[in-house]
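The values are calculated or read from the model by the stated rules, or taken from the named source; none is laboratory data. Just so we're clear, the structure is a prediction, and the values are computed from it rather than from any experiment. Here the Cβ positions follow ideal geometry from the backbone for every residue, glycine too, while neighbour counts run over all protein chains shown.
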Amino acid sequence: MAKTKVDYVCQACGGITTRWQGRCPECDEWNTIVEETRTDEGGHARASIVKDAAPVPITDSMREVPERMHTGLLEVDRVLGGGIVPGSLTLVGGDPGIGKSTLMLQVGHYLAEHAGQVLYVSGEESFDQTRMRGDRLGAMSDNLLLLTETSIGVIRDQIGKAKYKAVVIDSIQSVYTSNLSAVPGSVGQVRECANEFLRIAKGTNTPIFLVGHVTKDGTIAGPRVLEHLVDTVLYFEGEGKQALRILRGVKNRFGSTNEIGVFEMTDRGLQEVENPSALFLNERPTNISGSVVIPAIEGTRPLLVEVQALVSESHLSSPRRTVTGINPNRVSLILAVLEKRSGYQFSDKDVFVNVAGGVRLDEPAADLAVALALVSSLLDVPIPSSLCAFGELGLAGEVRAVDRARSRVSEASKFGFGTCILPTGCAADCEAQSVELFTAPEVGSAIEMALPR
Ligand code: TYD
Ligand code: MG
């Protein structure tokens with residue numbers, strides 16, 4: 001007989017409590033706990049994820065090594081660790097409108113043309129909407145089958161009927177199971193459905209992609225609670241209005257994480273950007289103060305990015321601090337260090353800092369470049385365009401070592417940079433490259449090297 005059970009589930013963090021509370025004891029959010037009634041029918045929810053489970057020696061050579069399928073987009077293949085692994089469950093998260101459906105339709109089309117039948121389940125857009133999009137992208141194939149459906153039972157039956165090479169669920173928030181009373185998109189539904197897709201993927205050896213919407217802070221019910229469950233988590237990012245899109249791997253059971261793929265959104269879908277550093281640098285002004293390049297690390301890949309600062313006379317009682325692409329608190333700290341340790345005055349100036357190309361620099365290694373750009377603009381002295389810099393600033397004005405110094409310097413050398421200012425602690429790693437290295441123990445000496453007066 002079907003049993004009914006009541007859970008109280010936090011819609012922010014997915015935590016489960018035994019009774020309703022105003023505040024979630026796990027994440028401290030208010031008013032996020034919702035009652036969810038669960039009906040377990042015949043206990044299938046706890047069924048094994050693989051058929052005929054029996055212990056097998058790890059050395060068993062009779063088992064074939066699964067062959068990865070290519071997606072037709074090298075940038076996607078790299079982020080996945082070399083292609084799609086059969087039976088894998090992949091979450092593709094991102095803001096609404098960023099291009100997740102476009103990406104999955106392009107990948108689905110390539111697989112349909114080169115591997116076999118692909119099922120694209122759309123719970124958000126009608127058949128005609130998806131077909132029109134496919135038409136525009138040139139993603140039409142007889143092997144690409146569309147299903148407009150949101151009930152997991154129906155989707156499961158459809159997947160069972162044919163041997164699909166891949167299945168795309170667009171989106172996981174639109175799918176529901178009738179075992180739960182909660183609305184589609186709630187934490188309980190999303191988690192339950194994702195669990196079911198995990199079983200289907202492993203049981204049928206079909207790779208499944210789950211598309212999931214997530215907001216910037218990740219508080220919306222959904223993708224964040226699925227990260228531990230799926231094999232691979234990819235986030236698709238970018239500034240909505242700019243054409244640049246970055247696909248970032250944050251978890252991967254089949255390859256290295258933090259890999260990125262760079263795309264440009266065009267009127268005919270997503271195009272790969274083979275040489276992102278060149279893209280980020282191609283509109284760079286020369287001989288203008290306030291601009292400097294940092295060899296950043298995005299995932300495992302070094303990327304040259306331009307940091308710009310503009311420091312101007314302020315007529316406001318509290319001068320402006322406008323920052324995009326970097327944490328504003330980090331910029332405040334750098335300004336304070338420059339005032340206190342090097343004697344540059346910014347308190348009566350408006351300060352604008354921007355990272356070109358819509359890239360986000362989250363690493364402290366960007367500190368030194370930001371400091372140099374600020375002082376360069378304040379003094380109105382350009383930094384030589386063949387110079388790049390990286391390093392973390394400490395509160396005493398010291399320049400601290402950062403990781404992956406060698407790949408940063410190699411990327412700079414590949415793009416013809418002549419000099420690189422870097423932390424003393426990183427220099428030993430980076431020798432024997434064509435870039436001249438200047439080590440800076442503290443921010444003052446870095447400024448002297450970059451801006452000789
Ligand atoms: P979409 O894939 O629908 O985003 P998501 O599934 O993540 O919500 O993409 C939405 C945006 O992409 C939309 O604003 C239009 C734009 N776009 C293009 O610029 N070119 C194209 O070829 C396509 C299909 C979409
Ligand atoms: Mg979509």
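Of all residues in region 77-106, those satisfying the criterion of being closer than 16 Å to residue 233 by Cα, among the hydrophobic types (A, V, I, L, M, F, W, C), touching a helix residue (DSSP H, G or I) at 6+ places or on another chain (Cβ under 9 Å) and within 14 Å of ligand 1 (Cβ to nearest atom) are 91, 92, 103. Contact map, region 252-280: first residue more than 16 Å from residue 238 (Cβ to Cβ) and among the basic types (Lys, Arg), second residue more than 16 Å from ligand 2 (Cβ to nearest atom) and not in a loop (DSSP other than H, G, I, E, B), Cβ cut-off under 7 Å, separation 6 or more or different chains; pairs are 253/232. From the list 189, 158, the lone residue that is at pLDDT 90 or above and either within 20 Å of residue 97 (Cα to Cα) or among the polar types (S, T, N, Q) (or both) is 158. When 128, 142, 135 are checked against the criterion of being away from ligand 1 (no atom under 15 Å from the Cβ), of a type in the set (Asp, Glu) and more than 25 Å from residue 192 (Cβ to Cβ), 142 stands alone in meeting it. For region 154-190, name all the residues that are crowded, with 20+ Cβ neighbours inside 10 Å, part of a helix (DSSP H, G or I) and of a type outside the set (Val, Ile, Thr). 173, 174, 188, 189 - these are the residues of region 154-190 that are crowded, with 20+ Cβ neighbours inside 10 Å, part of a helix (DSSP H, G or I) and of a type outside the set (Val, Ile, Thr).
Selection over region 213-257 of residues that are within 16 Å of ligand 2 (Cβ to nearest atom), modelled with pLDDT under 70 and not in a loop (DSSP other than H, G, I, E, B) gives a count of 1.
Considering 182, 166, 162, the condition of being more than 23 Å from residue 93 (Cα to Cα) and hydrophobic (A, V, I, L, M, F, W, C) is satisfied by 162 alone. In summary, helices (runs of 4 or more DSSP H) completely within region 68-153 and bearing 2 or more residues that are crowded, with 16+ Cβ neighbours inside 10 Å and within 14 Å of ligand 2 (Cβ to nearest atom) occur at 100-114, 127-137.
Results for (1) surrounded by fewer than 16 Cβ atoms within 10 Å (Cβ to Cβ); (2) within 32 Å of the chain's Cα centre (by Cα); (3) of a type in the set (D, E, K, R); (4) assigned to a strand (DSSP E or B), shown as yes or no for each residue.
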{"residue": "308", "(1), (2), (3), (4)": "no, yes, no, yes"}
{"residue": "311", "(1), (2), (3), (4)": "no, yes, no, yes"}
{"residue": "315", "(1), (2), (3), (4)": "yes, no, no, no"}
{"residue": "318", "(1), (2), (3), (4)": "yes, no, no, no"}
{"residue": "330", "(1), (2), (3), (4)": "no, yes, yes, no"}
{"residue": "337", "(1), (2), (3), (4)": "no, yes, no, no"}
{"residue": "347", "(1), (2), (3), (4)": "yes, no, no, no"}
{"residue": "353", "(1), (2), (3), (4)": "no, yes, no, yes"}
{"residue": "362", "(1), (2), (3), (4)": "yes, yes, yes, no"}
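Can you find, within region 425-448, the residue that is surrounded by the fewest Cβ atoms within 10 Å (Cβ to Cβ) among those that are outside any strand (DSSP E or B) and of a type in the set (S, T, N, Q)? Here the residue is 434. Starting from residues that are among the aliphatic types (A, V, I, L, M) and within 24 Å of residue 171 (Cβ to Cβ), keep the ones in region 55-76 and report whichever is farthest from ligand 1 (Cβ to nearest atom). This residue is 69. Given the condition surrounded by fewer than 17 Cβ atoms within 10 Å (Cβ to Cβ), within 29 Å of residue 285 (Cβ to Cβ), in contact (Cβ under 8 Å) with a residue 12 or more places away in the chain and among the acidic types (Asp, Glu), answer yes or no: does some residue in region 409-416 qualify? No: region 409-416 contains no residue that is surrounded by fewer than 17 Cβ atoms within 10 Å (Cβ to Cβ), within 29 Å of residue 285 (Cβ to Cβ), in contact (Cβ under 8 Å) with a residue 12 or more places away in the chain and among the acidic types (Asp, Glu). Only residues that are more than 15 Å from ligand 2 (Cβ to nearest atom), more than 23 Å from the chain's Cα centre (by Cα) and aliphatic (A, V, I, L, M) were counted in region 154-190, giving 7. Of 422, 368, 378, all but one fail to be in a strand (DSSP E or B) and buried (at least 16 other Cβ atoms within 10 Å of the Cβ); the exception is 422. The condition (being farther than 14 Å from residue 293 by Cβ, modelled with pLDDT of 90 or more and in contact with a strand residue (DSSP E or B) (Cβ under 6 Å, 6 or more places away or on another chain)) is satisfied by just one residue among 396, 440, 389: 440.
For residue 118, the conditions (1) modelled with pLDDT under 95; (2) away from ligand 1 (no atom under 14 Å from the Cβ) all hold with the exception of (1). Considering the conditions (1) within 15 Å of ligand 1 (Cβ to nearest atom); (2) out of contact with any strand residue (DSSP E or B) (no Cβ under 6 Å at 6 or more places or on another chain), residue 161 is excluded by exactly one of them, (1).
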